[in-house]
Amino acid sequence: MNNKYKNGVDLIQSTSNGSINQRQWGQEQIECNQAIGKLMDAQPTNSSLEELRKRAANAVQLATTARNTLESIGLSNSSKVLRETFRKNPFEGLLNMKVTYEMAQKIADAKFAWLQLIPHGHAIAVCAEPNGGKTTIFTQAAADMADDGYKVLYINADASASDIKEYANHANDYGYELLNPDISGHSNEQVVEALKLMASLDEDYSKTILILDTLKKFTDMMAKNKGKAFYSIIRSLTSRGMTVIALAHTNKYAGVDGLPVYEGTGDLRADFDDLIYLIPVRNLDGTMTVSTHINKSRAALSETTFLIDQNRKVSVSEQHIDALSLSINNQNLVADSDAIKFILDNIQPLSKSSTELFEIAKEADAGFSRRYLSGVLTRYASDSSINPLWLSIPAQKNGTRYGVISEEHRQQLTKKHGGV
């Protein structure tokens, strides 16, 4: 047995007897890692020694799990100290998460770099589906923030060469810096290295805005270690005052609640101060309505709706529109189009009940079941829909009647319910 292998075995024997996560785990974990390194380098062939190596590796895994758990609640790295801490106060771990008065004041007094949506000095992840309005909205944001005196660096690594020319002209007109690694003969890896260098310097970046478009160009979103390493660079920059806005994609499929789900591991949500979804609705006239859905915030963010016209000009709506409900409503309009036409044709000049409409449909062999027809009536009624198509009128005895709604009244209800 060579000396390197023997040293490894001896070191493991002295540190891995019993379950290491129940002992003081700081120095032992380091020594076990060193020992395993020596064993791996020596490439043992003896089966019993290989079993010893596996046992030590398992011990290190247990120790690492214990360490991560303890560090995540901010406690000491000594098991003896931990036991004494919990004996004195079993609530210590939870009370470390207490929201202090200073924390609450920091949230209330946050300064915003753009609208009441982008807090100054924060790391903000903005997620949307592809072609969901991210770049269009934050190109406008870059112009607005540059006009307010910020140094804005917009790194667009996701646009085509033809689009970059338009974005470059916009940046030149509005006074912010547009960067593109490919066109300038550089790589995304060089962007990461440059940001890492900036993060290592003792500089004040409080007047700097960094926009990354898109995040997956600079790190592997699905690799936990790589993502966390890049997010730590972003955290270092924000600790020096920089505001970092990372544009990212959502998954193809929404969650069970119908809301979008960001692409990547859980570290994205954990390591960013704020997580904002953009929910787009494509309107029939070629415009787009995009509303925020704030998933996480460490400041008093305000839900916002953007209107993007056919020329990609961005304006801010006076009121927030429930884009998710509107998107679902638009999908239903297409699926329910035949039933909608049937109902509109038959509720004039006199209002009808659900039962009366079903009898008419049955006689005409329209093919609508009672349950489906009742669902359509409720879905677009004036008392429940964000874009109502008919009046919902309480009947004299029981039930509801449905009648024609005036355009003026429909628009008033639409505005009230947050539709468009």
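The values are calculated or read from the model by the stated rules, or taken from the named source; none is laboratory data. In this text the structure is predicted, and so the values were computed from the model without any measurement. Every residue, glycine among them, receives a Cβ derived from its backbone with ideal geometry; neighbour counts consider all protein chains shown.
With a requirement of 3 or more residues that are surrounded by fewer than 18 Cβ atoms within 10 Å (Cβ to Cβ), the strands (runs of 3 or more DSSP E) lying completely within the range 177-296 that satisfy it span 288-296.
Condition check for residue 124 on (1) outside any strand (DSSP E or B); (2) crowded, with 22+ Cβ neighbours inside 10 Å: one failure, at (1).
Please indicate, with yes or no, whether at least one residue in the range 299-308 is surrounded by 15 or more Cβ atoms within 10 Å (Cβ to Cβ) and modelled with pLDDT under 95. Yes, that holds for at least one residue. In the range 264-274 there is no residue that is hydroxyl-bearing (Ser, Thr, Tyr) and under 17 Å from residue 122 (Cα atoms). Checking each residue in the range 369-402 for being under 15 Å from residue 346 (Cα atoms), in a strand (DSSP E or B) and out of contact with any Pro (no Cβ under 9 Å at 6 or more places or on another chain) picks out 390, 391, 392, 402. Considering the range 321-368, and only residues there that are among the basic types (Lys, Arg) and in a helix (DSSP H, G or I), the residue that is farthest from the chain's Cα centre (by Cα) turns out to be 362.
Taking first residues from the range 365-393 that are in contact (Cβ under 8 Å) with a residue 24 or more places away in the chain and partners that are of a type in the set (Asp, Glu) and surrounded by 16 or more Cβ atoms within 10 Å (Cβ to Cβ), the Cβ contacts under 6 Å between residues at least 6 apart in sequence or on separate chains come to 376/336. Would you say residue 406 is without any contact (Cβ under 8 Å) to a residue 24 or more places away in the chain, surrounded by fewer than 17 Cβ atoms within 10 Å (Cβ to Cβ) and not β-branched (Val, Ile, Thr)? Yes; evaluated as a whole, the condition is true for this residue. Got at least one residue in the range 379-390 being among the hydroxyl-bearing types (Ser, Thr, Tyr), touching a strand residue (DSSP E or B) at 6+ places or on another chain (Cβ under 9 Å), under 19 Å from residue 415 (Cα atoms) and surrounded by fewer than 17 Cβ atoms within 10 Å (Cβ to Cβ)? Yes.
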